[in-house]
Amino acid sequence: MAGTVTVPGASVPSTPLLKDELDIVIPTIRNLDFLEMWRPFFQPYHLIIVQDGDPTKTIKVPEGFDYELYNRNDINRILGPKASCISFKDSACRCFGYMVSKKKYIYTIDDDCFVAKDPTGKDINALEQHIKNLLSPSTPFFFNTLYDPYREGADFVRGYPFSLREGAHTAVSHGLWLNIPDYDAPTQLVKPKERNERYVDAVMTIPKGTLFPMCGMNLAFDRDLIGPAMYFGLMGDGQPIGRYDDMWAGWCVKVICDHLSLGVKTGLPYIWHSKASNPFVNLKKEYKGIFWQEDIIPFFQNVTIPKECDTVQKCYIYLSGQVKEKLGKIDPYFTKLADAMVTWIEAWDELNPTAAATENGKAK
């Protein structure tokens, strides 16, 4: 497993990349047997496991992994009254792991996601591909028709401005899934047997000004650059909505990345999504969100963050005020969510005082 992998601008060891600079965050309610399949790729790294649901239940983790496990009692103990911003009985609880991490990078994966194979039958090292995405620049300001120009065997096409070829820092790497697609409940109901079998060997930068539906089951990001915006909202128990946690974070993240001139990549790597959730349960969770998103998306498309907001925290606090003012008219939930966004930033800065003092997230 020795050797080197060429990353634009650097030569780094192929195994393990960023061993001491990356945490793997996993939300779960069950024993983590799925880690056995990931052992060759994950074992060198530190895991942060966020246990959802009953805190008295014992979660078993396979031997040989370096991990810390937090349940609801731990969240309440560490955050005190501010624990109210962390969702309960919803995978949105994973963002607590982002908050307590002390590493520069985060990779988060769901416990029903397994190692996928590429078209040649080789196991895909999803984590390594995410790291390559994060360590190479993005091109949010001008689209390259050969997709990622920094990839080996590709370059900028004729007509691409030379002044933009240096690119922007990559803040987010959004991976995809084979087998069970990430569909909403209505689509699940009309296409219950549909499976994603298309492996597209491509990575692209999502253009500035374009939103996307972010999926949290196979996602990596630069915590120093965008971490405080990776809040997965108020979902699950006691809330009128679920299954919009990662999408809410994605919309907030994208408008902040656009404002701070940071990049978001999507495409490779793939994981194998093994289990389809119940579409009827999902419909109950998503019902209001399906209607609300028709107002939420135009809100994010039209919001303008002031120039003086030069850190992620400042951008996020500004967004929270706009959410309260503009979306609070739709439903009282958004006023509650806006307050939770502020609480999230306060809790983040309390647990990350050095980062807060040095204007964590400011694009350099």
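The values are calculated or read from the model by the stated rules, or taken from the named source; none is laboratory data. Small disclaimer: the values here were computed from a predicted structure and weren't measured. We place every Cβ from the backbone using ideal geometry, glycine too, and count neighbours over all the protein chains shown. The area values use the complete protein model at the heavy-atom level, side chains included, leaving out ligands, DNA and RNA. Shrake-Rupley method; radii C 1.70, N 1.55, O 1.52, S 1.80 Å.
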Given the conditions (1) over 30 Å from Asp90 (Cβ atoms); (2) touching a helix residue (DSSP H, G or I) at 6+ places or on another chain (Cβ under 8 Å), report the number of the one that Glu166 does not fulfil. (2)
Inspect the stretch 347-357 for any residue being open to solvent by less than 20 Å² (accessible area, probe 1.4 Å), within 20 Å of the chain's Cα centre (by Cα) and within 30 Å of Glu197 (Cβ to Cβ) and give the result as yes or no. no
Restricting attention to helices (runs of 4 or more DSSP H) lying wholly within the stretch 71-140, give those where 2 or more residues are within 19 Å of the chain's Cα centre (by Cα), closer than 17 Å to Gly236 by Cα and not basic (Lys, Arg). 95-100
State which residue is surrounded by the fewest Cβ atoms within 10 Å (Cβ to Cβ) when the search covers only the stretch 37-63 and only residues that are more than 23 Å from the chain's Cα centre (by Cα) and among the charged types (D, E, K, R). Glu63
Log entry, pairs with first residue in the stretch 115-135 being open to solvent by less than 20 Å² (accessible area, probe 1.4 Å), second being modelled with pLDDT under 95 and not charged (D, E, K, R), beta carbons closer than 7 Å, six or more apart or on different chains, reads Ile131/Leu17
Taking only the stretch 213-243 into account, find how many residues are within 12 Å of the chain's Cα centre (by Cα) and of a type outside the set (D, E, K, R). 16
In the stretch 283-290, is there at least one residue being surrounded by fewer than 17 Cβ atoms within 10 Å (Cβ to Cβ) and either touching a helix residue (DSSP H, G or I) at 6+ places or on another chain (Cβ under 7 Å) or farther than 21 Å from Gln239 by Cα (or both)? yes
Quick one: which strands (runs of 3 or more DSSP E) sit completely within the stretch 148-239 and have at least 1 residues that are of a type in the set (Ser, Thr, Tyr) and over 20 Å from His273 (Cα atoms)? 170-179, 203-205
Going through the stretch 178-224 one residue at a time, which ones are closer than 24 Å to Gly153 by Cα and open to solvent by 40 Å² or more (accessible area, probe 1.4 Å)? Arg198, Tyr199, Val200, Asp201, Met204, Pro207
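I need the full set of residues from the stretch 323-342 which are open to solvent by 30 Å² or more (accessible area, probe 1.4 Å) and assigned to a helix (DSSP H, G or I), in order please.
Start the filter on the stretch 323-342 by keeping residues that are open to solvent by 30 Å² or more (accessible area, probe 1.4 Å), which leaves 324-326, 329-332, 335-336, 339, 342.
Result: Lys324, Glu325, Lys326, Pro332, Thr335, Lys336, Asp339, Val342.
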Conditions (1) in a helix (DSSP H, G or I); (2) among the acidic types (Asp, Glu); (3) within 20 Å of Cys257 (Cβ to Cβ); number of the one not met by Glu308: (1)
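Counting only residues that are among the charged types (D, E, K, R) and open to solvent by less than 10 Å² (accessible area, probe 1.4 Å), how many does the stretch 246-282 have? Walk me through how you get there before you give the answer.
So the first thing to find is which residues in the stretch 246-282 are among the charged types (D, E, K, R), and the list is 246, 254, 258, 265, 275.
Filter once more, so that each one left must be open to solvent by less than 10 Å² (accessible area, probe 1.4 Å): 254, 265.
Residues meeting the conditions: 2.
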Could you list all residues from the stretch 18-29 that are farther than 18 Å from Asn73 by Cβ and open to solvent by 10 Å² or more (accessible area, probe 1.4 Å)? Leu18, Lys19, Asp20, Glu21
Let me spell it out: the conditions are (1) modelled with pLDDT under 95; (2) more than 20 Å from Gly263 (Cβ to Cβ), and Asn125 meets all of them except one. Which number is the exception? (1)
Filter the stretch 69-97 for residues that are out of contact with any Asp or Glu (no Cβ under 8 Å at 6 or more places or on another chain) and open to solvent by 60 Å² or more (accessible area, probe 1.4 Å) and give the result. Asn73, Asn76, Arg77, Pro81, Ser84
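When the stretch 164-177 is examined, which residues are found to be open to solvent by 20 Å² or more (accessible area, probe 1.4 Å) and touching a residue at least 40 places away in the same chain (Cβ under 8 Å)? Reasoning before the result, please.
Of the stretch 164-177, the ones open to solvent by 20 Å² or more (accessible area, probe 1.4 Å) are 164-167, 169, 176-177.
Of everything in the stretch 164-177, those that are open to solvent by 20 Å² or more (accessible area, probe 1.4 Å) and touching a residue at least 40 places away in the same chain (Cβ under 8 Å) turn out to be Gly167, His169, Leu176, Trp177.
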Would you check which residues across the stretch 300-349 are among the basic types (Lys, Arg) and within 21 Å of Gly80 (Cα to Cα) and list them? Lys336
Please identify the pairs in which a residue from the stretch 189-207 that is within 30 Å of Ala168 (Cα to Cα) has its Cβ atom under 8 Å from the Cβ atom of a residue that is hydroxyl-bearing (Ser, Thr, Tyr) and assigned to a loop (DSSP other than H, G, I, E, B), counting only partners at least 6 apart or on another chain. Ala202/Tyr147; Val203/Tyr147; Met204/Tyr147; Thr205/Thr139
Restricting attention to the stretch 347-356, which residues are over 12 Å from Tyr231 (Cα atoms) and either out of contact with any Asp or Glu (no Cβ under 6 Å at 6 or more places or on another chain) or modelled with pLDDT of 95 or more (or both)? Asp349, Glu350, Leu351, Asn352, Pro353, Thr354, Ala355
Consider the stretch 151-163. How many of its residues are in contact with a helix residue (DSSP H, G or I) (Cβ under 9 Å, 6 or more places away or on another chain) and either in contact (Cβ under 8 Å) with a residue 24 or more places away in the chain or open to solvent by 90 Å² or more (accessible area, probe 1.4 Å) (or both)? 1
